[in-house]
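A.B. asks: Please find one structure pasted underneath; my questions will follow.
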Amino acid sequence: MSRSERDHDSADPTSDRPRRRPRRVLRLTRHTADAVRDVKDEVAFHIDMRTRELIEQGVDPAAAERMAREAFGDRAAIENQTTAISDSAGRRRRRAEMLDSLRRDVGFALRGLIRQPGFALAAIATLALCIGANVAVFSVIDTVVLRPLPFPRSDRIITFYNAYPGSGVERSGNSVPDYFDRRENLTAIDSVALYDEISATIGEGAAAANVFVSRVSPEFFDVLGAEPALGRAFDAEDGVIGRNTNVVISHGLWQSHFGGAEDVLGDTLEVDDNAYTVIGVMPADFEFVTWNAQAWFSLAWPESMRNAYHRNNFGMLGRLKPDATVHQAQQQLDALNAEILTSLSPDARRSLEAAGFRSIVRGWQDDLLRDFRGPLYLLWASVALVMLVGAFNVANLLLLRLSTRLGELSTRFVLGAGRWRLARQLFTESALLTGIGAALGLAFAAGSLRFLDVFEHYQVPRLNEVHLDGAAIAFALLAALGLAAMAALMPIVVVQRSDLFEVFRGGGATGRRTPGGRLLSARGALVAGQVAAAFVLVTTGGLLLSSLINLWAVDPGFETDDLAAGAVLLAADRYPEIDDRIDFRNRALSELRTIPGVSGAAFATQLPFSGEEQTLVFFPEGYERGDDEAVEAHDYTYVSPSFFDTLGIPLRAGRLFDARDETGAPPAVIIDEHLARRYWPDQSPIGRRVALNTNPSAEEEWLTVIGVVGSVVQNDLDRTSPRGAFYLPATYSGEVMWRWIVRADGGVRDAHEQAREAFRRLDPEMPVFWTTTMNGAIAERLIPRRIPMLLVIGFAALALFLTTLGVYGVVAYAATRRTREFGIRIALGSPVSRIYRAMLARAGTLIGIGIAAGATASMFVSRLIAGQLYGIRPTDARVLGGAAVAIAAVALLACVAPTRRATRVDPVIALREE
Amino acid sequence: MAGSNLFTGTLDMLILKALQGGPLHGYGIGRWIRETGGGPLQVEEGALYPALHRLEEAGLLSADWGQSETGRQAKFYELTAKGKKHLAAEAARWSEHVTAVEAVLGAERNA
């Protein structure tokens, strides 16, 4: 057929060529339709056309159809065969088309964002901050709270502690007899182990390193389900006194101290100048959760310790039998304690009952997280709120952008892109923003996680393991997707409900039923939501800040300024006798006092705010306890006589320690005001005697009270009831690790160096540890409060800033829309102030609604933070009112600029603009 | 191809050839082959459709639904660029083939 014939064909109305070019817009709908129906249609069309052709040729209509069918062949078979081809082809094509259209959507979205870089930057920065903060907090919570501990069947591991709530001791440790009793009597558990967390000096002389170590009963590693990589763990033999000279070392210590030598087993490790034999090396990934111990020594006790109940110096772990529950273990423990109580004297029994003495068994992980769950969940809630505010803002920005794009969207709509298609486009844009935001947010989170080091000393379990991992990335992706959906929702709803034909015809931005009005109300709702979320965050931050201020105002009971402190180890090989150590301390005090600017120096076994807490029960002679009155444990410290003057602890009655007390005949004790009031409310305690166990057998076990001093906060400024403290002369203690403290009026930094030199002058090999200042130690104690507070305040500030942007955006939009109206009103003589009032009234309504909603939400949040407040109630009117005023002020300020702009337009220009 | 006396691949080539002049629906392609080729190229009409869909899948044809001369919706096929190239190559190959076959047959007859 020649070219001309073809052309003729095309013009012929009866030709088989299409009358019009197939319409491209129909492609999507037809192609996605069912392939079976398409093929059937195609075949039916063929047979119909063939029939017509035959009829036109003069065949009888009835016969024509039969002939057409015959000429076609096996219709069903052909249809099937064709559908099969078409189906697989269609799938492939649809996928390709989806990808193609996604590419186009993304390209379109990208071009749109590049056209408005300010918008894109604002949205992406907001999202990166919000997602980053959320990922960081999630990473911490995931690692610390959500994941099981890194031991086999760690859900079976339980922990024990003794509690004396009636005596103000909610939580103590466990005693040696507890270990033997529970090991023998609790059938719900497989094994039980005692451990402590101390530090020790490894190596000799000035090169000695102070490391964390642990003393453990032989079952310790069995309970954890951990085995050494080399050698063996402890066995029963290691728990026998005199034979406990073996040590299991960490992988780290093996590498650093033994150079990773394969034949390390049997080698000697010098610890606190005693020799231990290495019997095992733990694997590299073994780390005890709360204490990064480098070496484990076996505990053994003389027979005398087996009766030292309530000397709760140890932690205790156990492993439940496979079919046992914590509840069963608790029941058995209660029964055991009841049995032990009946064997005590009536006095002792009464006092323990009054103290509400109970031994508690809990799941280990559950127990480890007791102090961290609250703050972590608070942070999680705060950061989620910030994300919500951020999402509102991005939604708001998208809506703002939508207003400038309605024309374009309506054009696309009129040209045949369905509403669904437009929704997809809007979602793609939103997802592109949140995706970029999530990527940057991950980087931001990775950076911020490095600052977790500040919590180093707080024994947050596994905090050092926190890093960005698959879970964090999945979380970021989910967050990005969720945020994209949230942010795109409002624009999509607006587009779905708008009369886009009307917009296209130019009716655009006027009239109630048009997108303009919808946009405004949608954005108003978003702004009110933002104000509500910001309000909750600002009040939370305010409450935490008030708590911290209240804490700083707590009087610690002594002069904390200008105090420098540290520790020295009076190693047993060079200072074998107690007298040697006393002598060193005396010489050291003289030496320290020669440092210029130093006005006082002292030694003690523990210092306030050092994190240590040594307590003992205390029995005043002849003191009759009421039936419901508890025996209390009190802080006790061995101190040099100069301790009180150096710290500035006032003497209230009697005298301080002096040379008379050092020999210990009769043994002397100084008590604090709290103990004086507690036991001798109406009389002088001076000259009274106290014992440190329930039935002192010998005369020298009685201590005579020689003085009363002011109460001191031992560790926690937020402790609501003082525990009471007593002090014993340093000469009574065989302790080798001593804290020193100097009062240096001439500045503490220098004092540390000078003190170190003073010690070296006396003993060139003297290790000096833990140098700190008292105020530094106090600040560090407050880190667990200060850091979450700073984070919440940071989140609140971010939320407030984003809310201000949101308010600004919505008011600016409204003002632009009403510029013409304002122009007319001003032209007709209306005062500008009235227009301001109208605009501010509208914004004020939104802000008011937001604050009301936020105040309601705060009621729910207050329960979450009540435990973290000090000296302030969650409903504190000043904080709530202050937050409301601050938010309202900032938000209303954001209204002024756009209103000002709108009212200053020349009315003539404003009128002409339409 | 059942019921066809065509060499394998010939139907494909005929379809492509039919579309050289512009878009056609399946029926039109069948009719063109019938009327242009006459008796010897008789195709069982149904066999066209699997072939059409296969060619479409191979990217030699594109297809779109459009309005036919009777006002009904029909699926129109059109040569793609790839289809046009394929047709040209196949046609050349076919000519060579025919020439070769004729030469062989002619040689036998003349022997």
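The values are calculated or read from the model by the stated rules, or taken from the named source; none is laboratory data. This one's a predicted model, so the numbers in the text were calculated from it and none came from an experiment. Note that we place each Cβ from the backbone using ideal geometry, even for glycine, and neighbour counts take in every protein chain shown.
A.B. asks: Among residues belonging to segment A:629-650 that are in a loop (DSSP other than H, G, I, E, B) and of a type in the set (A, V, I, L, M, F, W, C), point out the one that is farthest from residue A:675 (Cα to Cα).
C.D. replies: For segment A:629-650, the residue satisfying everything is A:649.
A.B. asks: Here is a check on your reading of the model: is residue B:89 at the interface with chain A (Cβ under 10 Å from one of its Cβ atoms) and under 14 Å from the mean Cα position of the chain (by Cα)?
C.D. replies: no
A.B. asks: I've got another one for you. What residue, among those in segment A:236-249 that are in contact with an Asp or Glu (Cβ under 8 Å, 6 or more places away or on another chain) and surrounded by 15 or more Cβ atoms within 10 Å (Cβ to Cβ), is nearest to residue A:180 (Cα to Cα)?
C.D. replies: Among them, the one singled out is A:244.
A.B. asks: Right, residue A:609: in contact with a Lys or Arg (Cβ under 6 Å, 6 or more places away or on another chain) and in a loop (DSSP other than H, G, I, E, B) or not?
C.D. replies: yes
A.B. asks: Restricting to segment A:808-862, count the residues that are hydroxyl-bearing (Ser, Thr, Tyr) and modelled with pLDDT of 80 or more.
C.D. replies: 7
A.B. asks: Suppose we keep only residues that are closer than 18 Å to residue A:440 by Cα and in contact (Cβ under 8 Å) with a residue 12 or more places away in the chain within segment A:77-124. Which one would you say is nearest to the other protein chains (Cβ to nearest Cβ)?
C.D. replies: A:110
Quick grid of which residues meet (1) touching an Asp or Glu at 6+ places or on another chain (Cβ under 9 Å); (2) exposed (fewer than 14 other Cβ atoms within 10 Å of the Cβ); (3) in contact (Cβ under 8 Å) with a residue 60 or more places away in the chain; (4) under 27 Å from residue A:382 (Cβ atoms):
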| site | (1), (2), (3), (4) |
| --- | --- |
| A:808 | no, no, yes, yes |
| A:813 | no, no, yes, no |
| A:827 | no, yes, yes, no |
| A:832 | no, no, yes, no |
| A:847 | no, no, yes, yes |
| A:859 | no, yes, no, yes |
| A:870 | yes, no, yes, yes |
| A:884 | no, no, yes, yes |
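Yes or no, residue by residue, for (1) assigned to a strand (DSSP E or B); (2) under 14 Å from residue A:357 (Cα atoms); (3) not charged (D, E, K, R):
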{"site": "A:289", "(1), (2), (3)": "no, no, yes"}
{"site": "A:292", "(1), (2), (3)": "no, no, yes"}
{"site": "A:301", "(1), (2), (3)": "no, no, yes"}
{"site": "A:311", "(1), (2), (3)": "no, yes, no"}
{"site": "A:316", "(1), (2), (3)": "yes, no, yes"}
{"site": "A:323", "(1), (2), (3)": "no, no, no"}
{"site": "A:327", "(1), (2), (3)": "no, no, yes"}
{"site": "A:332", "(1), (2), (3)": "no, no, yes"}
{"site": "A:337", "(1), (2), (3)": "no, yes, yes"}
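A.B. asks: Testing residue A:16 on (1) in contact with a Leu (Cβ under 6 Å, 6 or more places away or on another chain); (2) within 9 Å of chain B (Cβ to nearest Cβ); (3) at pLDDT 80 or above, one condition comes back false. Which one is that?
C.D. replies: The number of the failed condition is (3).
A.B. asks: Quick one: is residue A:625 closer than 23 Å to residue A:670 by Cβ, assigned to a loop (DSSP other than H, G, I, E, B) and at pLDDT below 85?
C.D. replies: Details: closer than 23 Å to residue A:670 by Cβ: yes; assigned to a loop (DSSP other than H, G, I, E, B): yes; at pLDDT below 85: yes.
Judged against the criteria, residue A:625 is a match.
A.B. asks: Name the residue that is surrounded by the most Cβ atoms within 10 Å (Cβ to Cβ), counting only residues in segment A:720-734 that are assigned to a loop (DSSP other than H, G, I, E, B) and of a type in the set (S, T, N, Q).
C.D. replies: Looking at the filtered set, the residue picked out is A:733.
Matching residues to (1) surrounded by fewer than 23 Cβ atoms within 10 Å (Cβ to Cβ); (2) within 17 Å of residue A:320 (Cα to Cα); (3) in contact with a helix residue (DSSP H, G or I) (Cβ under 9 Å, 6 or more places away or on another chain):
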site	(1), (2), (3)
A:133	no, no, yes
A:144	yes, no, yes
A:149	yes, yes, yes
A:153	yes, yes, no
A:183	yes, yes, no
A:187	yes, yes, yes
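A.B. asks: Quick test of your reading of the structure: residue A:644 fulfils all but one of (1) among the aromatic types (Phe, Trp, Tyr); (2) at pLDDT 90 or above; (3) surrounded by fewer than 23 Cβ atoms within 10 Å (Cβ to Cβ). Name the failing condition by number.
C.D. replies: (3)
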